[in-house]
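Colleague: The structure follows.
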Amino acid sequence: DQQVKQNSPSLSVQEGRISILNCDYTNSMFDYFLWYKKYPAEGPTFLISISSIKDKNEDGRFTVFLNKSAKHLSLHIVPSQPGDSAVYFCAASAGNNNDMRFGAGTRLTVKP
Amino acid sequence: DGGITQSPKYLFRKEGQNVTLSCEQNLNHDAMYWYRQDPGQGLRLIYYSQIVNDFQKGDIAEGYSVSREKKESFPLTVTSAQKNPTAFYLCASSIGGGGTDTQYFGPGTRLTVL
């Protein structure tokens, strides 16, 4: 069962515009959420996280929003840059890393 | 430089053969993990280890085995019992096993069974 879902396999945006990547989850026990970024031929790298006690966390051009009632989180990148082109994974955990569940990823392409 | 290394990058195996994937970290992390990635799916946990000489099965451990004799090393053996071993394998480590301990990933090994 996929407890974390990224329903858009791909997203294409113009440089300078906002990129919005979405993620839905089903397990109400999840209390910590993360976004990872993956370039080809490299492992995923941690991008940003949010605890369930918050509804927003910002780090430079990256902001993650959490809507617990809807079991939905999103990653906003603004302004988008060509170097942001990568696969983005959403992940959620319920207290331990061995509980962590990952989405299937969304491939973001930022066009110059 | 600190990090996680996986070798080899690409691996081909004949059906019926066991194969071992290497994972080494010099981050002094206690916890290590093996994940499998298949097209259209998220990463799935195969095995994890919270500390040396201890490891636990993840969601899809059947057909795999691991060892954790050293803190730095967590090799994964894909046995002939694994029915569908062709996949991309990722190793990760974190300072501890808590859900807020960031996992750091290696570059991955793509295994193809011929």
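Every number in this text was worked out from the coordinates using simple rules, so none of it is lab data. Bear in mind that the values here come from a model prediction, so they are computed numbers and not experimental data. Ideal geometry is used to build each Cβ from the backbone, glycine not excepted, and the neighbour counts take in all protein chains shown.
Colleague: Nearest-5 percent of antiparallel DSSP beta bridges in the protein assembly as shown? The partial results should precede the final answer.
Modeller: Numbers: 69 of 78 bridges.
Roughly 90 percent of the beta bridges in the protein assembly as shown run antiparallel, per DSSP.
Colleague: Between B:Gly40, B:Gly97, B:Gly58, where does the largest GNM mean-square fluctuation fall for chain B, given springs only between Cα atoms within less than 10 Å?
Modeller: B:Gly40
Colleague: Calculate the all-directions average of the projected area of the stretch B:28-77's alpha-carbon convex hull, and give it in nm². Before the final figure, lay out each step's value.
Modeller: Values: hull surface 14.2 nm².
Computing the convex hull of the Cα atoms and averaging its projections yields 3.5 nm².
Colleague: Rounded to the nearest 20 debye, what is the charge dipole size of chain A about its Cα centre when +1 sits on each Lys and Arg Cβ and -1 on each Asp and Glu Cβ? List each step's numbers first, then the result.
Modeller: Working: 12 positive and 10 negative charges, 41 e Å.
With only Lys, Arg, Asp and Glu charged at Cβ, the dipole is about 200 debye.
Colleague: In square nanometres, what is one fourth of the surface area of the convex hull spanned by the alpha carbons of the protein assembly as shown?
Modeller: Details: hull surface 49.3 nm².
Directional mean of the projected Cα hull area for the protein assembly as shown stands at 12.3 nm².
Colleague: Also: With Cβ to Cβ distances under 11 Å as the rule, what net charge do the other residues near A:Leu108 carry (K, R +1; D, E -1)?
Modeller: Numbers: positive: A:Lys37, A:Lys38, A:Arg107, A:Lys111; negative: A:Asp84.
Net local charge, A:Leu108 excluded: +3.
Colleague: With the crude spin-label approximation of a point 7 Å out along Cα→Cβ, what separation in nm comes out for A:Tyr39 versus A:Ala94?
Modeller: If labels sit at A:Tyr39 and A:Ala94, their model points lie 3.6 nm apart.
Colleague: Given the stretch B:48-112, what whole percent of its Cα pairs are spread farther than 20 Å?
Modeller: Numbers: 621 of 2080 pairs.
Distances greater than 20 Å cover 30 percent of the Cα pairs.
Colleague: Still on this model: Based on the Cβ-Cβ distance of B:Leu114 and B:Asp59, what FRET efficiency does E = 1/(1 + (r/R0)^6) give at R0 = 25 Å, to the nearest 0.05? Let's see the in-between values first.
Modeller: Values: r = 27 Å, r/R0 = 1.06.
Result of the calculation: an efficiency of 0.40.
Colleague: Follow-up question, since we're still on this one. Excluding residues on the same chain fewer than 8 positions from A:Lys71, give the lysines whose Cα lies under 25 Å from its Cα.
Modeller: A:Lys5, A:Lys37, A:Lys38, A:Lys54, A:Lys56
Colleague: Using Cα pairs under 8 angstrom and six or more residues apart, how large is the relative contact order of the stretch B:7-114, in percent?
Modeller: 35 percent
Colleague: On to the next question. Stick to Cα atoms and the Kirkwood definition of Rh, then tell me Rg/Rh for chain A. It would help to have the intermediate numbers written out before the result.
Modeller: Values: Rg = 13.3 Å, Rh = 14.0 Å.
Expressed as Rg/Rh, it is 0.95.
Colleague: Continuing with this model, one more query. Size of the dipole of chain B about the Cα centre, Lys and Arg at +1 and Asp and Glu at -1 on the beta carbon, nothing else charged, in debye to 20?
Modeller: On the way: 11 positive and 11 negative charges, 79 e Å.
Using Cβ point charges on Lys, Arg, Asp and Glu, chain B gives about 380 debye.
Colleague: Okay, next question. Of B:Tyr48, A:Ala92, B:Gly99, which is farthest on the positive side of the dipole of the protein assembly as shown, counting Cα position, with +1 on Lys and Arg Cβ, -1 on Asp and Glu Cβ, and the Cα centre as origin?
Modeller: A:Ala92
Colleague: Now, a different point. Convex hull over the alpha-carbon atoms of chain B: what's its volume per residue in Å³? Don't jump to the answer; show the numbers that get you there.
Modeller: Values: hull volume 11.0 nm³, N = 114.
With only Cα atoms used, chain B gives 96 Å³ per residue.
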